[in-house]
Every structure is written in C-alpha cells, then in structure tokens.
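S.K.: Have a look at this one before I ask anything.
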There are 2 protein chains.
Amino acid sequence: MSVEQFSTKGRLADVGEGITGDELQLAARNHGMPLEALRYDLTPPGLHYVLVHYDIPMTSASNWRLTVDGCVEQPLSFGQTELRAMGRQTVRVTLECAGNGRANLHPRPISQPWLTEAVGTAEWTGVPLADLLQAAVLREDAVDVVFTGADHGYERGVEQDYQRGLSVAEAIDSGALIAWEMNGHPLPPQHGYPLRLVVPGWYGMASVKWLRSIEVIDHEFTGYQNAVAYRFRTEAHDAGEPVTRIEPRALLIPPGSPDFMSRHRFVAAGTITLRGRAWSGWAPIERVEVSVDAGATWQDAKLDAGSNDDLAWRSFEYDWDAGPGEHVLTVRAYDESGRVQPVEAPWNRGGFANNSAQRITVLVQ
Amino acid sequence: MSVEQFSTKGRLADVGEGITGDELQLAARNHGMPLEALRYDLTPPGLHYVLVHYDIPMTSASNWRLTVDGCVEQPLSFGQTELRAMGRQTVRVTLECAGNGRANLHPRPISQPWLTEAVGTAEWTGVPLADLLQAAVLREDAVDVVFTGADHGYERGVEQDYQRGLSVAEAIDSGALIAWEMNGHPLPPQHGYPLRLVVPGWYGMASVKWLRSIEVIDHEFTGYQNAVAYRFRTEAHDAGEPVTRIEPRALLIPPGSPDFMSRHRFVAAGTITLRGRAWSGWAPIERVEVSVDAGATWQDAKLDAGSNDDLAWRSFEYDWDAGPGEHVLTVRAYDESGRVQPVEAPWNRGGFANNSAQRITVLVQ
C-alpha cells in the first residue's frame, strides 16, 4: 500500500450517505462546545472547541524555543522567560473553526463533521506579534510571515508540519498575540502548550498551535494550509479565494430540557427568556433577530451593553411567549460592517464558513 | 407532535447505514480522549472523556446542598463547607464509558457512537461515601442507595432526572467518593461541578455528576438508568444483566504521524517502542500482549512497576522491529481476576462494554 492509498484526496458525500467512519474518528477526537455552555462569558476549561489536524505533539516548556527569522535585520530566538520579558497583553477572543457548520451542507464535504458548535471564547495572554516583528526589524523585501507548529502529519497525500502564513499587514494589524496563557492558566496541551498564535477575528486555522517558528519570507506563502486547504471553491480545480475572517453568527442556548438522542427540546408553556451569543470577525455585532416560527417572521433581540472586546461574542435575549405545540427557533446576526448572517449560506466544496442559521426544534407542553 | 415522536425508542443501524445525524450530534457535544493522550499518567484538563446524557446543568457551589436521607436514622444535609469537614481522600481512577467501542459493533446500536477513546484517568478528591452513610446510620431495612444528579431530560420517551442506584454493599465496598476536586482543581462544569459521585472500577454511568441527593431505599432501585438503559441484552425485551464494572482493555498510543482524515499512521522503519495503557475495573492488570501482525502472533509487553492505584491504568511498552510495508497493530489485556480482553467481544443490543481489541493500521516507510 502506498502513501496515496493511506492519505486520500478529499471528496463529497454521496446523496443520502451517512457520516463515514473517517468522519466519526475526527468527531470522537475533536469536540465542539455543548451549546448550553453559551451561558458562560468565558468558556470553561475543556468546553472550548478543539480541532487538531494531526496529533497533539509531546511538548515541554523548559526546552521550547521560538525563532523569528527570514527577512529580518535581527533574527531572534526566545525561551519562555525571554519571551515573557517582551511584554504581556490579555485579549478576549471568540474563536470558531472554519469548518463549523460543514456537516449541515448538501452535498456534505467529507472532513471534520461539525454541526454548529465549533466555537469558544477565551482570554488569551501573551505578547503582541507586532512587537516581536518590530524587535526583529522587518526588511524591505518582507512579504509574508509563516508560522510553523510542532504538529506533523499527512493531509490529502501531502506530508507537512502544520503551517500557515499571513501577509505582513495582516500579521501586524490583526492584533495577533503569541499566547502562553488561556483564561489565566498555562495553555492546555490541546490548545498549543507551551505557545500558540492567536489571530483575533480569524477562523481558528490561522491561530497556529505549538508555535516554534516565525519566518518572514519575500514572496507569497504557498504552503498547503493556505494554498490548498482553506480556500472557498465550488469546483475541485478552482484556485479559490482564501478563508480569512469569521462570518457573523448567532446561536441560542437551547431552552428547556433535551431528549438524549434527538436533542429536541421540551419546554413548559409560558414566557421563556431565550438567550444566546453572537459574534463576527469582521466588525462588532449590531443587531440580532430571533424567529420562533422557523424564519417566517423575525423580531429584534435585546443586546447586552457591549464591551471593549470587539471580537468576543455579545450576549442577547428575547422573551418568547411559548404556546403549546411544536416550534422551530432560529436566529441571525448583523454586524457593523453590513454583513448579515444568511438563513442558508452558499455551499462550497471545503465546507467552510457555513453560517446558515441555527434551527432548534422545541415541543412546548 | 407528541413526546413519543420527540423522544423515540432505541434501534439498531441498518446494514451499511452510516452514522446518523442524531449520533453525530452526540459525538460533537461529548468527546473522547485523543489516543496520544495515553502518554499522560493523569489526563490533562479537557482531554478526559465526557458523556452528558442531557445538558450540563447551571450549578452554583454557594447554594448547593447534598442531602442523605431515606432509610437512615440521621438524615443529613451538607453545604460545601460542611461536606469538606467530613473528611478528604484522593484516589486515582481510570473511568471509561460503558458505551466505549459501541460504534465498532455490527449491527451498530444507535446511541453515542464511541470508537475506543471514551476513557481518562484523574485524581479525584472528596469524602468517602461509606463515611457519609455511616454518619447517617443505615437502618436495617436499607437495600439500595439512589444517587440523583441535577441534569434533567428525556430518554427513549421517559422524562427523568439522571439517577443511578447501587446496593448498600456496593456503595460501601466500592471505595466510592463524593468528589469536589479533579486533579487538584474544582470539578469542571462538564465533570459535575460542584459535587459528583466517583465509583472506582465501575463504568462511568455509576459516577453520577452534579450530585444533589443520596436516598437510601428499602427495595431494589428500578429507575430507568438501572433497569432499562444499562443492561446487557441480545433481544429488546430481555430483562438483561446489569452493566457494572469495567472489562479489561489495553490501548496503544498510535505510533508515528497520522493522516488527518483516515488516522492511518506513517512510521519510519527501525526499532519503534510502542507504548500504551491497560486497565480493568475487576482487578489489577497482570499482563499485556501486543501483536504487530493483526493478531496472528502475540508477544508479551513490558509492564511498568505498578502502583497502589489498582483501578488506575498501568503503562506498558514493546519494542517493535518495524520493517517496510503495511502492518496492523493490536493489543490485549489480562487482569488478576482471570479476565482476558477478547479480540472480538460478544455483541449486545445496547453496545455496552465492547472491549474488542484496538486495531491500528500503520504504513512503515
């Protein structure tokens, strides 16, 4: 058997094809945030979504080095203590997987099969990436910045360390951090211990975990995760546009009590305050609408006061006068850039950025 | 629509039927332990398996009460401070979901679709259950002890608080704890904050989370989770035997590097030290065998020295002289009670205790 047979090309599910064993393996290792955890401003340990492309690598803080080199005047190398001496900043960020919503698409791209729960909000502490690049002094020929993690594996036949690139402008202007703490504690292994990149507003693939190298290059980065994997394509051979920032999305905390298997909800009739969170990587949320009739009519939800954390989720609530019978709840977000969350997002072959509106089926008794 | 349509009876997958949307919803909320985390003696935060039947309830330690009543001379009620005054003990325990392995069965019972990763090891700190029962003074008519959590929902048409019963003898002799710490920290929400039961050696369903009531009753407990859900059955209408302690299992850390999608492994030829963990809820592990030819031949692995934690996993290793080509690795555990992990475990309708041997496909290059 060859590498090509072990690590095959991507494909779409056939009509009516159930979730495959390969998809289930990913769903069992990686995990979303149970939607009732939308109740927490900061997602508690172990509930923030996790996606690991290969394996969680075995890492140690004591001998970890982060290098900054390439098109810089002053190549740098940091141990943990040296890096902490460069500065310290904490920022609250909502991160979402670019593949969130993929498993609801038709046809379904075969990959990590997220429904709607690949999200979480944390306070990340570290040093601004811009400060490191300033210390290294970018040369005039600097074009892209390449981030390499310690995780290694194969993907669609290509052996690789996990790598992502940002343009110099994106690297400096995005407010990205090199983080060593999550919610005031050292990073857990699955979130990048001992160091990771966090790029606020961008889908999670940009926030390289187990970060060991920052290389500035004089040309556009054409590595697998930028040029092949995370692209919006409708046909397999399209060049496609890159996946970048998080599209607006609102999610309700499912009300009442669930059925174990179907996750349908049971609610007692009366006034029920529906609550949830909304976010966008492009701009602050400015409006959320709720529908209790499967999208036939929409009402404004009441947003919280907002905060300084423009790229963290914003909470909302809506009082629903719930009468007996079956209801489908749905919700959509608007941001200050003019982006509106669609009821049904356009399909793409990688299953990225599917921010189609959530649907919750409720039996009011 | 009625309750019965919202919360349906269990069923088996049809021949060739892929994982269903309902199963995927559970797989996306709950999660296993990525198998590379077998490298840690204690499973780090967020990597221990989690199964929540309904929703993670909203709980607060400050107003939490745990009551002990029923067939006792001295009914008791504890706040957090009062409970801590009753004693403090720490025990290292490997917990495994009773449904681990379910999704590998044919036909597949439709429920939480675990492969092999629903396991984890933690140090739990709390007060021995036996001490609480002694303080409450069991009456002579005491038969079973019923544990009720704060999680509420429907299952196969039955509305319920999550409840499990143990016999008085099991409750006292099992070494069960009422725990408030996991690995030295307050319980995370998904693991039962602020209080949970931990029953060493038993599958996880016995270890009731968000514990608020311990009731001693004068008859056998016939609640849903004991009498209906967790039973070994081959036909739907069998009474079935109860699911209790954890059957022996060994798991290898998958060697080398994975393919993202198939999780097949790539390894360089040469001597590779395979490592893993084995456990049983019945007795200490006394032997582990490894096969590098899909079970045709077996060799003894080298076990670690063992510890005082009889019901925590034990590590092992085996030096494999890996030659080029495709190999299937497998492993099996033996415990001191004489139980042997089967290469293929007998099928049952609930998909419980499927400890069939792990299989890892490796391409040696």
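The values are calculated or read from the model by the stated rules, or taken from the named source; none is laboratory data. Quick caveat, the model's predicted, so the values are computed rather than measured. Cβ atoms come from the backbone with ideal geometry, glycine included; neighbour counts cover every protein chain shown. For accessibility, only protein heavy atoms count, side chains too; no ligands or nucleic acids. Shrake-Rupley method; radii C 1.70, N 1.55, O 1.52, S 1.80 Å.
S.K.: Given the criteria open to solvent by 10 Å² or more (accessible area, probe 1.4 Å), in a helix (DSSP H, G or I) and assigned by TED's automatic domain parsing to the domain that holds A:Arg212, does A:Ala150 qualify? Steps first, answer last, please.
M.R.: Values: open to solvent by 10 Å² or more (accessible area, probe 1.4 Å): yes; in a helix (DSSP H, G or I): no; assigned by TED's automatic domain parsing to the domain that holds A:Arg212: yes.
Criteria not met by A:Ala150.
S.K.: In region A:106-147, which residues are assigned to a loop (DSSP other than H, G, I, E, B) and free of Cβ contacts under 8 Å to residues at least 40 places away in the same chain?
M.R.: Going residue by residue through region A:106-147, those that are assigned to a loop (DSSP other than H, G, I, E, B) are A:106-108, A:110-118, A:137, A:139-143.
If the condition is that a residue be assigned to a loop (DSSP other than H, G, I, E, B) and free of Cβ contacts under 8 Å to residues at least 40 places away in the same chain, then A:Glu140 is the only one that fits.
S.K.: Determine, yes or no, whether A:Glu215 is buried (at least 19 other Cβ atoms within 10 Å of the Cβ), in a strand (DSSP E or B) and away from chain B (no Cβ under 14 Å).
M.R.: Details: buried (at least 19 other Cβ atoms within 10 Å of the Cβ): yes; in a strand (DSSP E or B): yes; away from chain B (no Cβ under 14 Å): yes.
Considered against the rule, which asks whether it is buried (at least 19 other Cβ atoms within 10 Å of the Cβ), in a strand (DSSP E or B) and away from chain B (no Cβ under 14 Å), A:Glu215 comes out as yes.
S.K.: When you go through (1) more than 11 Å from chain A (Cβ to nearest Cβ); (2) in contact (Cβ under 8 Å) with a residue 60 or more places away in the chain one by one for B:Pro57, which number turns out not to apply?
M.R.: (1)
S.K.: Of the numbered conditions (1) open to solvent by less than 10 Å² (accessible area, probe 1.4 Å); (2) away from every other protein chain (no Cβ under 14 Å), B:Ala130 fails exactly one; give the number of that condition.
M.R.: Going through (1) open to solvent by less than 10 Å² (accessible area, probe 1.4 Å); (2) away from every other protein chain (no Cβ under 14 Å) one by one, B:Ala130 breaks only (1).
This table checks each residue for (1) open to solvent by 10 Å² or more (accessible area, probe 1.4 Å); (2) under 30 Å from A:Asp22 (Cα atoms).
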| site | (1), (2) |
| --- | --- |
| B:Ser77 | yes, no |
| B:Met86 | yes, no |
| B:Val93 | no, no |
| B:Gly99 | no, yes |
| B:Asn104 | yes, yes |
| B:Arg108 | yes, yes |
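S.K.: Another question, then. Could you say whether any residue in region B:54-74 is modelled with pLDDT of 95 or more, open to solvent by less than 20 Å² (accessible area, probe 1.4 Å) and within 30 Å of B:Glu317 (Cα to Cα)?
M.R.: No: region B:54-74 contains no residue that is modelled with pLDDT of 95 or more, open to solvent by less than 20 Å² (accessible area, probe 1.4 Å) and within 30 Å of B:Glu317 (Cα to Cα).
S.K.: Next question, about the same structure. At least 2 residues that are at pLDDT below 95, in contact with a Leu (Cβ under 7 Å, 6 or more places away or on another chain) and under 25 Å from A:Thr8 (Cβ atoms) in each: list the strands (runs of 3 or more DSSP E) lying fully within region B:232-336 that qualify.
M.R.: Values: elements: B:249-252, B:265-267, B:270-279, B:285-291, B:314-322, B:325-335.
Passing ranges: none, list empty.
S.K.: Another question about this same structure. Right, A:Ala227: more than 22 Å from B:Gln25 (Cβ to Cβ), open to solvent by less than 60 Å² (accessible area, probe 1.4 Å) and either at pLDDT 95 or above or not in a loop (DSSP other than H, G, I, E, B) (or both) or not?
M.R.: Details: more than 22 Å from B:Gln25 (Cβ to Cβ): yes; open to solvent by less than 60 Å² (accessible area, probe 1.4 Å): yes; either at pLDDT 95 or above or not in a loop (DSSP other than H, G, I, E, B) (or both): yes.
Against the criterion (more than 22 Å from B:Gln25 (Cβ to Cβ), open to solvent by less than 60 Å² (accessible area, probe 1.4 Å) and either at pLDDT 95 or above or not in a loop (DSSP other than H, G, I, E, B) (or both)), A:Ala227 qualifies.
S.K.: Read through the list (1) assigned to a helix (DSSP H, G or I); (2) closer than 22 Å to B:Ser213 by Cα; (3) touching a Phe, Trp or Tyr at 6+ places or on another chain (Cβ under 9 Å), then give the number of the only condition that B:Glu82 fails.
M.R.: Every condition holds for B:Glu82 apart from (3).
S.K.: Exactly one of (1) open to solvent by 30 Å² or more (accessible area, probe 1.4 Å); (2) under 30 Å from B:Gly153 (Cα atoms); (3) away from every other protein chain (no Cβ under 14 Å); (4) of a type outside the set (Phe, Trp, Tyr) is unmet by A:Ile253. Its number?
M.R.: (3)
S.K.: Then there's this: Please specify each residue of region A:19-43 satisfying the condition of being open to solvent by 20 Å² or more (accessible area, probe 1.4 Å) and facing chain B (nearest Cβ under 7 Å).
M.R.: Keep residues of region A:19-43 that are open to solvent by 20 Å² or more (accessible area, probe 1.4 Å), which gives A:20-22, A:25, A:29, A:35, A:39-42.
If the condition is that a residue be open to solvent by 20 Å² or more (accessible area, probe 1.4 Å) and facing chain B (nearest Cβ under 7 Å), then A:Thr20, A:Asp22, A:Gln25, A:Arg29, A:Arg39 are the ones that fit.
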